[in-house]
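The values are calculated or read from the model by the stated rules, or taken from the named source; none is laboratory data. The model shown is predicted, which means the values in this text are computed figures rather than measured ones. Note that we place each Cβ from the backbone using ideal geometry, even for glycine, and neighbour counts take in every protein chain shown. Side chains are part of the model used for accessible areas, which takes the heavy atoms of the whole protein and leaves out ligands, DNA and RNA. Shrake-Rupley method; radii C 1.70, N 1.55, O 1.52, S 1.80 Å.
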Amino acid sequence: NYILTKGSGVDLKIFKPKKTKNKNFTVLLASRMVWEKGINEFVQAYKILIKKRLNIKFILAGRVDPDSPSAINISYLRNLNNNKNKNFKWIGFQKNIKKIINSSDVVVLPSYHEGAPKVLLEAAACGKPIVASNINGCREIVKNNYNGFLIPVKNSNQLAKKIEILYLNKKLHKKMSKNNIIKSKKFFSVEKVVEKHIKVYEE
């Protein structure tokens, strides 16, 4: 017998929608800088979309993880910030992730494997449409075509395609944003998760 909870929940008093006006349509990937988070697919999706001359900015946030066997070399990350990649930026570790999420239009996580990714719970609470890998953990947060898109693992073409859809279709973007707020209040709040734990203990 087991009970499934949606991760550790998220504080909806802290992570909540905030209107921001962006010069560029901004896509965020926030994670540790290891290859299995789909960093390569994120970079490749940028290269696909930049050729289409779309006004999309890619932000990669997160610390280098030297202890991981799949750690990304810091020189590779620094090189992403060269003048050639005008709409791509690695910004390193960010203490105020709430501000970074709220200044984005879409949050992505093309990861190869996950538990219950906290950043997606936070993105949902902020009303950001999500594009994530169709894997355990992400599937518990994202319902395909409802509050985001689920894509095959290691598929930069599909990642680029779904980002482009959200960029072009403002009505769909707004709908998914609203659905994420609804879903967060119903399932992801820390109060709901704690309540579920207490109920299990009492039983």
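So if R0 is 22 Å, what FRET efficiency would LYS143 and ASN169 give, r being the distance between their Cβ atoms, rounded to the nearest 0.05? Step by step, r from the Cβ atoms, then E = 0.80. My understanding is that a pair violates if its Cα-Cα distance is over 24 Å; which of LYS84/LYS170; LYS52/LYS170; LYS16/LYS51 do that in this structure? Result: LYS84/LYS170; LYS16/LYS51 exceed 24 Å.
With unit charges on the beta carbons (Lys and Arg positive, Asp and Glu negative) and the dipole taken about the Cα centre of the chain, which residue among ASN145, SER111, ILE135 sits farthest to the positive side? Toward the positive end, the furthest listed residue is ASN145. For segment 17-94, the set of chymotrypsin sites (Phe, Trp or Tyr not before Pro) satisfying both a DSSP loop assignment and a count of at most 15 other C-beta atoms within 10 Å is given as PHE93. For the chain, the carbon plus sulfur part of the accessible surface works out to 51%, probe radius 1.4 Å. Cross-link check: pairs LYS99/LYS154; LYS21/LYS89; LYS47/LYS89 evaluated at a Cα-Cα cut-off of 22 Å; pairs beyond the cut-off: LYS99/LYS154. For LYS162, the aspartates and glutamates whose Cα falls under 17 Å of its own Cα, not counting residues fewer than eight places away in the same chain, are GLU41, ASP105. Between the amide H of VAL10 and those of SER189, VAL190, distances stay under 5 Å, these residues lying 5 or more places away or on another chain, with hydrogens modeled in the peptide plane. The long axis of helix 39-50 is offset from the longest Cα principal axis of the chain by roughly 60 degrees. Amide H to amide H, with H built 1.01 Å from N, VAL131 comes under 5 Å of VAL107, VAL108, LEU109, PHE149, counting only residues 5 or more places away or on other chains. At a probe radius of 1.4 angstrom, the accessible area of the chain per residue rounds to 56 square angstrom.
In the list (1) 177; (2) 126; (3) 204, the label attached to volume of the Cα convex hull per residue in Å³ as derived from the coordinates here is (2).
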